[in-house]
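Remarks on the structure that follows.
The values are calculated or read from the model by the stated rules, or taken from the named source; none is laboratory data. Since the structure is predicted, the reported quantities are computational estimates derived from the model, not experimental observations. Positions of Cβ are backbone-derived with ideal geometry, glycine not excepted, and every protein chain shown enters the neighbour counts. Side chains are part of the model used for accessible areas, which takes the heavy atoms of the whole protein and leaves out ligands, DNA and RNA. Shrake-Rupley method; radii C 1.70, N 1.55, O 1.52, S 1.80 Å.
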Amino acid sequence: MQLMSEKGAAGGGLRERKKRATRAALAEAAVRLAAEHGAEKVTVEAISATAGVSVRTFFNYFDSRDDAFVVIDADAGARMRRAVLEAPAGLSPLAALREAMAAELAEAEQQHELWRLHAEVLHASPHLLARGVGAHMAAEADLADAIALRLRGDGDTGGDGPGLYPRLLASVAGAAVRTSVDHWSAHQEEAAFLDVFHEVFTLLAAGLPAPSA
């Protein structure tokens, strides 16, 4: 699942907020058009027109048409990486990652319909799904690197990569997000999404104890 959020945009200047808004509009237009017509039938011209921008502007944000379906928010990974590295020293790596992800998912309930459509678009197109999996794996690897940097505190992830713990934590955290989304989607009337998200991470922090009978 690609994170879709404008969280943190207020921290930038007006130009940065406009850029994020334009990217978000293009990504949403691409997903909605693909969900309605099929990704293979959607053109860059149609995406641009729906978002109210020129084709030239489209290519300021995406290298290709397919990127608009797959790379929803190219800056989300960098924001989470920065948040993990800048989190208070007293936070555990899991807590730092939880807070970084929670900031990106703060508007998850409002974005839920678009997430669902995005998943449908990817699953309907094998080559887009493959690209989506690749993007997810790359984002996960970046988070693992950030966790390793936080643990070592020396700016060096090591010659052999981030190591077992950072890789496992990044992978488990990604699974936790997907589990939170799936559970909340089926029980929206019972709890807010972020409450479900924090409950999942509380279970992780406790070592996944078996629930009492």
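Could you check how many residues of the range 67-106 are outside any helix (DSSP H, G or I), more than 28 Å from VAL31 (Cα to Cα) and of a type outside the set (A, V, I, L, M, F, W, C)? Before the answer, list the steps.
Residues of the range 67-106 outside any helix (DSSP H, G or I): 71-75, 87-92, 105-106.
Next, from what is left, pick out any that are more than 28 Å from VAL31 (Cα to Cα): 87-92.
Retained after the next criterion (residues that are of a type outside the set (A, V, I, L, M, F, W, C)): 88, 90, 92.
Total meeting the criteria: 3.
Can you name the residue in the range 176-193 that is open to solvent by 40 Å² or more (accessible area, probe 1.4 Å) and part of a helix (DSSP H, G or I) and is also nearest to GLU109 (Cα to Cα) among such residues?
In this case the residue turns out to be SER185.
Can you tell me which residue among PRO162, PRO211 is open to solvent by 50 Å² or more (accessible area, probe 1.4 Å) and in a loop (DSSP other than H, G, I, E, B)? Can you show your working first?
Numbers: PRO162 fails: open to solvent by 50 Å² or more (accessible area, probe 1.4 Å).
Unique residue meeting the criteria: PRO211.
Picking from ALA141, ALA108, which residue would you name as being at pLDDT below 90, among the aliphatic types (A, V, I, L, M) and closer than 29 Å to SER185 by Cα?
Values: ALA141 fails: at pLDDT below 90.
Result: ALA108 is the single residue among ALA141, ALA108 that is at pLDDT below 90, among the aliphatic types (A, V, I, L, M) and closer than 29 Å to SER185 by Cα.
Determine, yes or no, whether HIS198 is under 30 Å from LEU33 (Cα atoms), in contact (Cβ under 8 Å) with a residue 12 or more places away in the chain, open to solvent by 50 Å² or more (accessible area, probe 1.4 Å) and of a type outside the set (Val, Ile, Thr). Explain how you work it out, then say what you get.
Details: under 30 Å from LEU33 (Cα atoms): no; in contact (Cβ under 8 Å) with a residue 12 or more places away in the chain: yes; open to solvent by 50 Å² or more (accessible area, probe 1.4 Å): yes; of a type outside the set (Val, Ile, Thr): yes.
No, not satisfied.
Could you grab me the full set of residues in the range 80-124 that are aliphatic (A, V, I, L, M), closer than 28 Å to ARG65 by Cα and open to solvent by 80 Å² or more (accessible area, probe 1.4 Å)?
Within the range 80-124, ALA124 is the sole residue that qualifies.
Could you say whether any residue in the range 117-126 is over 19 Å from ALA29 (Cβ atoms) and either in contact (Cβ under 8 Å) with a residue 40 or more places away in the chain or part of a helix (DSSP H, G or I) (or both)?
Of the residues in the range 117-126, the ones over 19 Å from ALA29 (Cβ atoms) are 123, 126.
Subsequent filtering for residues that are either in contact (Cβ under 8 Å) with a residue 40 or more places away in the chain or part of a helix (DSSP H, G or I) (or both) retains 123, 126.
Yes - at least one qualifying residue is present in the range 117-126.
Restricting attention to the range 136-151, does a residue exist that is over 13 Å from the mean Cα position of the chain (by Cα), over 28 Å from VAL70 (Cα atoms), among the β-branched types (Val, Ile, Thr) and in a helix (DSSP H, G or I)?
no
Going by the structure shown, is ARG56 charged (D, E, K, R), farther than 28 Å from GLU199 by Cβ, free of Cβ contacts under 8 Å to residues at least 40 places away in the same chain and surrounded by 15 or more Cβ atoms within 10 Å (Cβ to Cβ)? Break it down stepwise before answering.
Details: charged (D, E, K, R): yes; farther than 28 Å from GLU199 by Cβ: yes; free of Cβ contacts under 8 Å to residues at least 40 places away in the same chain: yes; surrounded by 15 or more Cβ atoms within 10 Å (Cβ to Cβ): no.
No: the conditions fail for ARG56.
Restricting attention to the range 39-66, which residues are part of a loop (DSSP other than H, G, I, E, B) and modelled with pLDDT under 95?
Residues of the range 39-66 that are part of a loop (DSSP other than H, G, I, E, B), as a first pass: 42-43, 52-54, 62-64.
Within the range 39-66, PHE62, ASP63, SER64 meet the criteria.
Mind listing whichever residues of the range 139-150 are of a type outside the set (D, E, K, R) and without any contact (Cβ under 8 Å) to a residue 60 or more places away in the chain? Walk me through how you get there before you give the answer.
Of the range 139-150, the ones of a type outside the set (D, E, K, R) are 139, 141, 143-144, 146-149.
If the condition is that a residue be of a type outside the set (D, E, K, R) and without any contact (Cβ under 8 Å) to a residue 60 or more places away in the chain, then ALA141, ALA144, ALA148 are the ones that fit.
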